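Quick note: the coordinates plus some simple rules give every number you see, no bench work behind them. The shown structure was predicted, so the numbers you read here are calculated from the model rather than taken from an experiment. Note: ideal-geometry Cβ built from the backbone for every residue, glycine included; neighbour counts use all protein chains shown.
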Amino acid sequence: MELNDLLKHTSEWLKGSGPNSNIVISSRIRFARNLEKLAFPHWANKKQAKQSLDSVEAAIANVEYLRKSTLFKLADLDSVDKQFLVERHLMSYEHAQKSDSKAILVDGEEIVAIMVNEEDHLRIQVMQSGFNLFEAYNIINRIDDCLAKELVYAYSPEWGYLTACPTNTGTGMRGSVMLHLPGLVMTRQINQVLAAIAKLSFATRGLYGEGTQATGNFFQISNQVSLGRSDTEIIDNINGLIRQIIEQETQAREALLTQNRPLLEDKINRSFGILKSAHIISSQETTELLSLVRLGVDLEIIKDINRRAINELFIITQPAHLQKMENKKLTQGERDVTRAELIRTKLSQGS
């Protein structure tokens, strides 16, 4: 598989399907793992970093489940390629910063991604569309079991899996759910909800994870602690919280429809109209307008385009995607023009 092949299909997590997909964009399970007797990536010298990469590469080749995946070494990718992978939620911004002895494995459906030598030797992630944490967990658990037969993990009987960051020690598992919460934002309940989430020791981040702010009414919620808790307990806790947020968002949307439907319809249709007619548009404005259009699709106010098409637009209108599609580097001004043209074309095609 070539990197550009990813442009030709929709990522699994963007398909707009799965349970509660009107509110839950995607579910992700991530495992942090390190190799025994090798320095963690931030402390490793060049020889040690190469050794861990070579060990992981050899192990992956022996895992049947990963045979249809492709390993990309970051040293072979340019800055646009790396940003492209970040935009597709396949790797972190931090992983893209330095390329020496780093790699990322991606399967053709973009369900599985494994970062090598990020903060930990292995960051294994599985993503699913909709509210589907247990399905993601079942997949990642099989992969982890296979890799454990090929690699010796750094593990303590007392502390569990040893990781670079103490918050990951224990199970090494981070579960996260990406939510679209325009109802709670528009009814001004979101700050109260986020404060309650923080008190329960969950983290809230933006569309692109750690270090990003919420834009387009997207919020990524994940557990902060894995020590002293089982995988199942962590997932159950996340699921319980997410169900409450889904209920609150549903009620907020119903209130918006009941209390001032004309104003809501006006906001949504104005956003749709701008996207269909704009000739210059920034990435931030696109995200904000698409958020309202997605709400319109979910509430059946807009019926001539589907959720999957809107989800795709959130990603393919990002800077690196535009440059990959145009096969050249673009200035910000050129991207704003190209983005507007792409949106007009996609929306005119409908669902």
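What 222 nm value per residue comes from the helices of the chain, counting each DSSP H run with n ≥ 4 as -39,500 (n - 2.57) and dividing by all residues, nearest 500 deg cm²/dmol?
Roughly -15000 deg cm²/dmol at 222 nm, from the helical runs in the chain.
Would you mind working out the magnitude of the charge dipole of the chain relative to its Cα centre, with +1 at each Lys and Arg C-beta and -1 at each Asp and Glu C-beta, to the nearest 20 Debye?
The calculated dipole for the chain is roughly 480 debye.
Considering the options V152, P182, F131, tell which one lies farthest towards the positive end of the dipole of the range 3-246, charges being +1 on Lys and Arg and -1 on Asp and Glu at the Cβ, about the Cα centre.
So the residue furthest toward the plus end is P182.
Identify the GluC sites (Glu not before Pro) of the range 230-320 meeting these criteria: DSSP loop state and at most 12 other C-beta atoms within 10 Å of the C-beta.
E300
Suppose the chain between Q259 and E247 were pulled fully straight at 0.36 nm per residue; how much longer would it get relative to their current alpha carbon spacing?
2.5 nm
Among H121, H321, what is the fewest-to-most ranking by other Cβ atoms within 10 Å?
The order, fewest Cβ neighbours first, is H321, H121.
For a test of the definition: using alpha carbon positions, the gyration tensor, and the 1.5 limit on a/c, classify the chain as rounded, prolate or oblate.
oblate
Rounded, prolate or oblate: which fits the range 250-349, taking a ≥ b ≥ c as square roots of the Cα gyration tensor eigenvalues, rounded meaning a/c under 1.5, else prolate when a/b beats b/c?
It is prolate, given that a/c is not under 1.5 and a/b is the larger ratio.
Under a Cβ-Cβ cut-off of 14 Å, what is the net charge of the residues other than N260 that fall near it, where Lys and Arg count +1 and Asp and Glu count -1?
Net of charged neighbours comes to +1.
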